[in-house]
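J.: Just passing along the structure, written as structure tokens.
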Amino acid sequence: MNEVKSPKKPLVYYYTIVLILLLVFNFVAMPWISEHQIKEVDYNTFIDMVDKGEVSAVEIQEQNNRILFKGDEKSGKIYKTAMVSDDDLVSRLLKAGVSTTGEEIEQTSALVSILGWLLPIIIFVALGQYMSRKMMDKMGGGNSMMFNMGRSNARIYVKSAEGIKFSDVAGEDEAKENLSEIVDYLHDPGKYKEIGASMPKGILLVGPPGTGKTMLAKAVAGEADVPFFSMSGSEFVEMFVGMGASKVRDLFKQAKEKAPCIVFIDEIDAIGKKRDGQLGGNDEREQTLNQLLTEMDGFESNNGVIILAATNRPESLDPALTRPGRFDRRVPVELPDLKGREEILKVHARKIKISEDVDFGKIARMASGASGAELANIVNEAALRAVRDGRRFATQADLEESIEVVIAGYEKKNAIMTDHEKHIVAYHEIGHALVAAKQTNSAPVQKITIVPRTSGALGYTMQVEEGNHYLMSKEEIENKIATFTGGRAAEEVAFGSVTTGASNDIEQATKLARAMITRYGMSEDFDMVAMETVTNQYLGGDTSLACSAETQAQIDRQVIALVKKQHDKAVKILTDNRKKLDELAKFLYEKETITGEEFMKILNK
Ligand code: ADP
Ligand code: ZN
């Protein structure tokens, strides 16, 4: 989001202002007010008034060299006059029956004393109101606590406020093609009405986080030049109980007034989860979802309001949401491939100063598996590095280092790794690479470093991009498992002992082996029967078993046998190539970094 927020000021700031206001009030305004309440007259007038009995009280201020006096009781008006040496004054006052003692005249000015009390209170109340309003805004309660409780705080981005166009979204050509129909419709709904075609009311953008779903939705609004309402699913249910439904109602009311327009609901799974009817379910969420369904059914399909929603767990959505007439179109937004990554890098590099000889293709290859958001982050990190080093533009080296920073964390400059540990890490990493290289006869890695990272990784291996391929043979998966076990195998071969460093490898190898058996039908006994289903495709790929306990035990045994076989294979490869293993590990230990080319040169020597 590109909303500009004014920086938050600490509470102390406000209190200081109040304090200063109070001081100014007390020392400047109060005396000024009281001075101007008092009318100045000359001494003769004073004497006249005393004689006529128009004076009710007198205060002689010898220090200030003046006399304050009050007119008759009714008006209560205060006067002042300069002090003149007048021996008769006291007797005159006595004769007129004017009191010269007691009350201090100045203090009796009602207005001044009331103001003195009220003003600070008013200031405090006003400040309190202001603060609580700020709080409410932040929490999403609308403008004023009492009256706008159920207003949605969908933000309106009118027209080109954001100015995001399809050209800002790199890659994702299929998604853009799909959505350009919507843009065309918003430009000229009549064309579609004439022929009787109706647009889908809702379109679901599904894909992993950071792939540009929000951007695409904004780009649709930007291209069609229509208002963009956006709200996150969790915002509907976060704040007040019972408010979710009315927020939905309000959002759609606003949208219909502004049609044609785009309504974007981010993280729709927060409200659209399957209603499972369990006891103690989330009533609030269900009401909100019901309201959303009602609203979607309520408007006829050609009224120009298009709802886009994003999620990275489409399988968890309630079927009622995805049935025809609601979110019936689904646009996949996948992680970018090599070409997509290169384009995304270029789009973001336009925003920074960058040297001309940067090879974006190489960076894209190195950053395999990165999402659009990560790539944007890599470019920004490179610019930051350039500033840190006092350069005026970012270079290839900056970009390469930032990939590692974004993916593996910063280098730990003074990490304490003992000499022995460093040896082990070097052998471990070379073990992976050597097993991989011997199986495929090609360079398996771009680069290995054994500088510890803040993410906790002791070393970092940058794999070679495997190119776009969509199928994997059984042998390839087996080789991959062998490669995962290669790190641990190298420790065994070289040191005869094992460490905790292989825990992530073990996890990955097990996952692959399990998938071979339960999902890919690559075991002898189970033929083509699915033992497991993937429940969470875009977020880590969780699975759930669907077989008897007996079969489960059998699967476990097979997984173990499979991994063990590959582990043994890795140990054999490394034992057979013990000399190369030592040589490569020594190189890595000394240099701390080895590139793919250096690796292959030593291996093929
Ligand atoms: P999502 O909504 O899918 O989680 P966003 O749309 O919020 O992802 O993307 C986050 C950021 O990542 C964007 O602001 C943009 O800088 C960058 N980004 C992601 N995908 C792309 C892309 N295809 N082209 C350009 N930038 C992208
Ligand atoms: Zn490892």
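The values are calculated or read from the model by the stated rules, or taken from the named source; none is laboratory data. Bear in mind that the values here come from a model prediction, so they are computed numbers and not experimental data. So basically every Cβ, Gly included, is an ideal-geometry build from the backbone, and we count neighbours across all protein chains shown. Note: accessible area is taken over every heavy atom of the protein model, side chains too, but ligands, DNA and RNA are not part of it. Shrake-Rupley method; radii C 1.70, N 1.55, O 1.52, S 1.80 Å.
J.: State the extension gain, in nm to one decimal, for the chain segment bounded by Leu471 and Asn504, taking 0.36 nm per residue of separation less the distance between their alpha-carbons.
T.: Values: separation 33, 0.36 × 33 = 11.88 nm, distance 2.42 nm.
9.5 nm is the gain from fully extending Leu471 to Asn504.
J.: Continuing with the same structure: Under a crude label model (7 Å from the Cα following the beta-carbon direction), how far is Glu590 from Gln63 in nanometres?
T.: 9.0 nm
J.: Run the simple label-point estimate for Ile560 and Thr16 please: 7 Å along Cα→C-beta, distance reported in nm.
T.: Result for the modelled spin labels: 6.8 nm.
J.: Report the gain in length on full extension from Gln396 to Thr533: 0.36 nm times residue separation, minus Cα-Cα distance, nm rounded to one decimal.
T.: 45.0 nm
J.: Ranking request for peptides 473-485, 378-390: highest mean number of other beta-carbon atoms within 10 Å first, then the rest in descending order.
T.: 473-485, 378-390
J.: Does the stretch 278-393 come out rounded, prolate or oblate, given a ≥ b ≥ c as the square roots of the eigenvalues of its C-alpha gyration tensor, rounded meaning a/c under 1.5 and, failing that, prolate meaning a/b above b/c?
T.: The shape class here is prolate.
J.: Using only alpha-carbon positions, what ratio does the radius of gyration of the stretch 207-272 give when scaled by 2.2 N^0.38 Å?
T.: Working: Rg = 12.8 Å, N = 66, 2.2 N^0.38 = 10.8 Å.
My calculation over the Cα atoms of the stretch 207-272 gives 1.18.
J.: Rounded to the nearest 0.05, what FRET efficiency do Phe495 and Ser167 have when you use their Cβ-Cβ distance and R0 = 60 Å?
T.: 0.60
J.: While we're looking at this one, here's another question. What order, most packed first, do the peptides 553-562, 497-506, 338-347 have when packing is the mean number of other Cβ atoms within 10 Å of each residue?
T.: 338-347, 553-562, 497-506
J.: Using square roots of five times the C-alpha gyration tensor eigenvalues, list the equivalent-ellipsoid semi-axes of the stretch 544-605 in whole Å, biggest first.
T.: They are 39, 14, 9 Å, listed from largest to smallest.
J.: I would also like to ask the following. Would you rank Tyr15, Tyr470, Tyr130 by solvent-accessible area, highest first, keeping every protein chain in place and using a 1.4 Å probe?
T.: Tyr470, Tyr15, Tyr130
J.: Scan around Val331 for amide H atoms under 5 Å from its own, H built in the peptide plane at 1.01 Å from N, and keep only partners 5 or more places away or cross-chain.
T.: Amide H neighbours of Val331: Leu204, Leu205, Val206.
J.: Next question, about the same structure. Taking θ as phi - 60°, what are the ³J(HN,Hα) couplings along the stretch 556-571 by the Karplus curve (6.51, -1.76, 1.60), each to the nearest whole Hz, with x for Gly and Pro?
T.: Those phi angles translate into 4, 4, 5, 4, 4, 4, 5, 5, 4, 4, 5, 4, 4, 4, 4, 4 Hz.
J.: Next question. Taking θ as phi - 60°, what are the ³J(HN,Hα) couplings along the stretch 210-218 by the Karplus curve (6.51, -1.76, 1.60), each to the nearest whole Hz, with x for Gly and Pro?
T.: x, 9, x, 5, 4, 4, 4, 4, 5
J.: For the stretch 469-579, with equal point scatterers placed on the C-alpha atoms only and solvent neglected, what are the log10 I(q)/I(0) values from the Debye formula at q = 0.18, 0.21 1/Å, to two decimals?
T.: Those come out to -0.94, -1.16, one per q.
J.: Can you order the peptides 179-185, 527-533 by their average number of other Cβ atoms within 10 Å per residue, highest first?
T.: 179-185, 527-533
J.: Moving to a separate point now. Percent of accessible area on the stretch 308-438 owned by carbon and sulfur, 1.4 Å probe?
T.: 51 percent
J.: Further question on the same structure: Measure off 7 Å from each Cα along the Cα-to-Cβ vector at Lys353 and Phe25, then give the distance between these two points in nanometres to one decimal.
T.: According to this spin-label approximation, the distance is 5.2 nm.
J.: Give me Rg/Rg_expected for the stretch 182-238, where Rg uses Cα atoms only and Rg_expected = 2.2 N^0.38 Å with N residues.
T.: Computed over Cα atoms of the stretch 182-238, the ratio equals 1.36.
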